[in-house]
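These notes concern the structure reproduced below.
The values are calculated or read from the model by the stated rules, or taken from the named source; none is laboratory data. Note that the structure is a prediction, hence the values are computed from the model and not measured. All Cβ positions, glycine included, derive from the backbone under ideal geometry; neighbour counts span all protein chains shown.
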Amino acid sequence: MNVILVISDTFRRDNLSCYGPTKVKTPNLDRLAQKSYVFNNAYLGSFPTIPNRLDIMSGRFNFIDKEWCPLPSETVTLQQILSASGVTTQMVVDNPHLIENGFNYERGFDGWEWIRGQESDRWKSMPRDITLPADPNKLNNSHFVLPNYLRNTSWWKSEEDRFAARSVTKACNWLEDGQNLEKFFLYVDLFDPHEPWDPPKEYVEMYEKEYDGEDVLYPCYDYWKNFLSEDELKHIRALYMAEVTMVDHWVGKLIDKVEKLGLEEDTAFIFTSDHGYLFGEHGLIGKSFNPKNGFYETCRMYSDIRRIPLMIHLPGQKTGERVDALVQSPDLMPTILEMNGLVATDSFGGKTNIQALQCGIFYTQDWKFNPESIHGKSLMPLLRGETEKVRDITVSSNTIIHHTPIVAKCAIVTEDGWCLHYSGAYEDEIKESIKVNKKMIALKPQYERVEPALFYLPDDPNEEHDLINEHEDLARKIHQRYVEWLEEVGTPETHLKGRRKFK
């Protein structure tokens, strides 16, 4: 079957009515949900943007031995395997991080389109004089990202000029050109509704009628009361919801094109995201903490961040179904392989062109895919009703290769609804680091407690009541299963050492 995969960055699951009551208007994705498998318990694996894409493309939990990085030359990707197997593969992306600075996540696709200008993409150098929409002290990376973005978007005249619109239009044009393809995989990666938030006025007016304050389009990641007013926070939420509705509008255009071209009967359509965002929950705005004096700290992997939307529409599907099983982002890779008849028992190989040193020099590299090397589980047995689960826990995590509880925070969710927040126990490593560098004040957490915390999600979905004192034995049991899981997926002992201890 053909497969279309749409990833919308920073798209919270509670934007969608299929996950519960919401003020956000998403009629097109609601329509998709009504004839799709809707996953109630889908979680990210590696966090955030780039690590998540690496998980999806490789079928592996990359936080165990990698961080935010270019696509490693030795990584065998979903698109590589599909292309080598006769499937025509195309990427349409406006997410700059996949392509800029030689990150090379287009490798393996037969063709790709990069819609230029989003966020950090150094595309336009003029106009030089840019007026920031708010006090720089309220803005994230006000010295570079926002001025850069405002230059890139200064030419816009209409909604059709915006990133989601241009990306979806390119994807629709590609579908029209490829109507005679025997099999295809179309990957569409939309950066919206990631910041900066600047949706058209008509979308904003759906959520907010009057506002005369500053436009904090890209706020600092911090405790919001430290720098925002109540009105500013409400305005930020309105901007985000408006941008979600705009994304829904354009995803709807893609769905309509599939139907108009008569592709629905042999095309699977998958919609998901990489992570969520905090809009005041737990007192925070963002998904981590800003670097301060060279300091960086992740926040806890709260549900609003780690739990993601996932809908899979199979060819010809007319009604929706709910799937309660625990699933994660790396599961998409083997699922899409199986959709294309490439079952997990087969091995595939081929040659790929690797770009060397970002200077136009390429070398050919032989590769062979070993299905046993991936961590993801195909979701097709769930959809066929052959099994009720594919995993007993989910692990959502920042990279763990830095040996610090400040950065390496994760959340482990069990089948029966418990969630353990855990950051590792690195006392010896910290003492040694302080010995080597007396100035390593960044090893002392400035914001978040890093001790383990335990929540029972059925009674406490917002994770406000830490029950670890009452249930420490259970927390230790979950931790032990987490360590076993890290061993099962091949975590190097160097990175596993500081996670064997509970605290």
Among the residues of the stretch 313-332, the number that are under 25 Å from Pro48 (Cβ atoms) and surrounded by fewer than 24 Cβ atoms within 10 Å (Cβ to Cβ) is 3
For the stretch 269-315, the count of residues that are within 12 Å of the chain's Cα centre (by Cα) and of a type in the set (Gly, Ala, Ser) equals 2
Picking from Ala171, Ala165, the residue that is of a type in the set (A, V, I, L, M), assigned to a helix (DSSP H, G or I) and in contact with a strand residue (DSSP E or B) (Cβ under 7 Å, 6 or more places away or on another chain) would be Ala171
Query raised in the report: Does Lys225 meet the test of being assigned by TED's automatic domain parsing to the domain that holds Thr131, touching a residue at least 12 places away in the same chain (Cβ under 8 Å) and either among the hydroxyl-bearing types (Ser, Thr, Tyr) or surrounded by fewer than 24 Cβ atoms within 10 Å (Cβ to Cβ) (or both)?
Result: yes
Expected single match for in contact with a helix residue (DSSP H, G or I) (Cβ under 6 Å, 6 or more places away or on another chain) and not hydrophobic (A, V, I, L, M, F, W, C) among Ser303, Ser329 is Ser329
Condition set of a type in the set (Ser, Thr, Tyr) and touching a strand residue (DSSP E or B) at 6+ places or on another chain (Cβ under 7 Å), scope the stretch 40-92, selection surrounded by the fewest Cβ atoms within 10 Å (Cβ to Cβ): answer is Ser73
Review point. Within the stretch 187-201, can one find any residue that is assigned to a strand (DSSP E or B) and aliphatic (A, V, I, L, M)?
Key: yes
For the stretch 158-172, pairs from a residue that is in the same structural domain as Asn95 (by TED's automatic domain parsing) to a residue that is among the hydroxyl-bearing types (Ser, Thr, Tyr), with Cβ under 9 Å and 6 or more apart or across chains, are Glu159/Tyr203; Glu160/Thr169; Asp161/Thr153; Arg162/Thr153; Phe163/Thr153; Ala164/Ser8; Ala165/Ser158
Residues in the stretch 133-158 that are surrounded by fewer than 16 Cβ atoms within 10 Å (Cβ to Cβ) and touching a helix residue (DSSP H, G or I) at 6+ places or on another chain (Cβ under 8 Å) total 2
Test: Thr298 is over 27 Å from Ala165 (Cα atoms) and β-branched (Val, Ile, Thr):
yes
Exercise. Just wondering, is there one or more residues in the stretch 218-233 that are within 21 Å of Lys157 (Cβ to Cβ) and at pLDDT 95 or above?
Worked result: no
Restricting the stretch 443-484 to residues that are buried (at least 19 other Cβ atoms within 10 Å of the Cβ) and of a type in the set (A, V, I, L, M, F, W, C), the one modelled with the lowest pLDDT turns out to be Val450
Reported set for the stretch 364-414 where residues are at pLDDT below 90 and among the β-branched types (Val, Ile, Thr) is Thr364, Ile401, Thr404, Ile406, Val407
